[in-house]
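Visitor: Once you've had a glance at the structure underneath, I'll fire off some questions.
The values are calculated or read from the model by the stated rules, or taken from the named source; none is laboratory data. Keep in mind that this is a model prediction, so the values were computed, not measured. Note that we place each Cβ from the backbone using ideal geometry, even for glycine, and neighbour counts take in every protein chain shown.
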Amino acid sequence: MKDIRYLLTFVFIVLVATACKKEREVKISSKNASLIIGNWLSTQRHTLVYSIDNNTLLKDTTINYDAANNINWWFEIYNADGNAFVTGKPYKQNNILKADTTSFLKYTINGSSIILKPNGGGSETKTIRSLTETNMALEGIYNAFPRLGWGLDIRTEYHFVEQAYYTKQ
C-alpha cells in the first residue's frame with residue numbers, strides 16, 4: 001500500500017512539474033538563421049490599409065527606396081547570437097560616418113515567422129515571405145492610426161498589412 005502511495009505521489013509531482021508554464025525561447029532554425037544573419041538594406045515598402053469595420057481597402061501604397069527616394073530607407077542587422085538592430089541611413093558628421101540606431105532587439109525564428117523583442121519590452125511577429133542569400137521579404141500585420149498626409153482620418157484606427165523588401169549588403 002505504501003508503494004502505491006509513493007508511486008501516486010511521484011506521478012503527481014511529475015505531472016505538476018511538467019504542467020507548470022516554463023519560459024522557453026524558440027530555437028532559431030539553422031537554415032533560416034544562417035540566411036538571415038547580416039546587414040539588410042530596405043529597398044521597398046508596400047502598405048495596404050483597410051477599414052477595421054468592413055475590411056474595405058482604403059490605401060495601397062508602394063515606396064521604392066532608390067537614388068530618387070533614399071531618405072527613409074533603413075538597415076536591419078541580424079547577428080548570429082540572436083541580437084538585431086534597426087539603423088537609419090548612414091551620414092557624415094565631422095568627417096565620421098555615423099548611423100542612428102532606432103531599435104535594439106532580440107530575435108528568434110520559428111518556422112516562417114520572425115519574432116522581434118525590443119529591449120524595452122513587448123514583441124512583434126512578422127511573417128518571412130521570402131528569404132534567400134541575397135533577398136528578404138517580411139510582412140507585418142497590425143492595427144494603428146495612420147500618419148499625417150495619408151488622406152485618412154488620423155483619429156481612426158485602421159488595419160495595416162505592410163511588406164518590406166530587403167537586399168543583403
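Visitor: Give just the number: which of (1) over 30 Å from Arg155 (Cβ atoms); (2) at pLDDT 70 or above does Asn54 not satisfy?
Guide: (1)
Visitor: Does Gly82 qualify as being at pLDDT below 95, closer than 16 Å to Ile37 by Cα and of a type in the set (Gly, Ala, Ser)?
Guide: yes
Visitor: Also, quick follow-up: Kindly indicate the residue of the range 120-169 that is loosely packed, with under 10 Cβ neighbours inside 10 Å and without any contact (Cβ under 8 Å) to a residue 24 or more places away in the chain and also nearest to the chain's Cα centre (by Cα) among those meeting that condition.
Guide: Gly122
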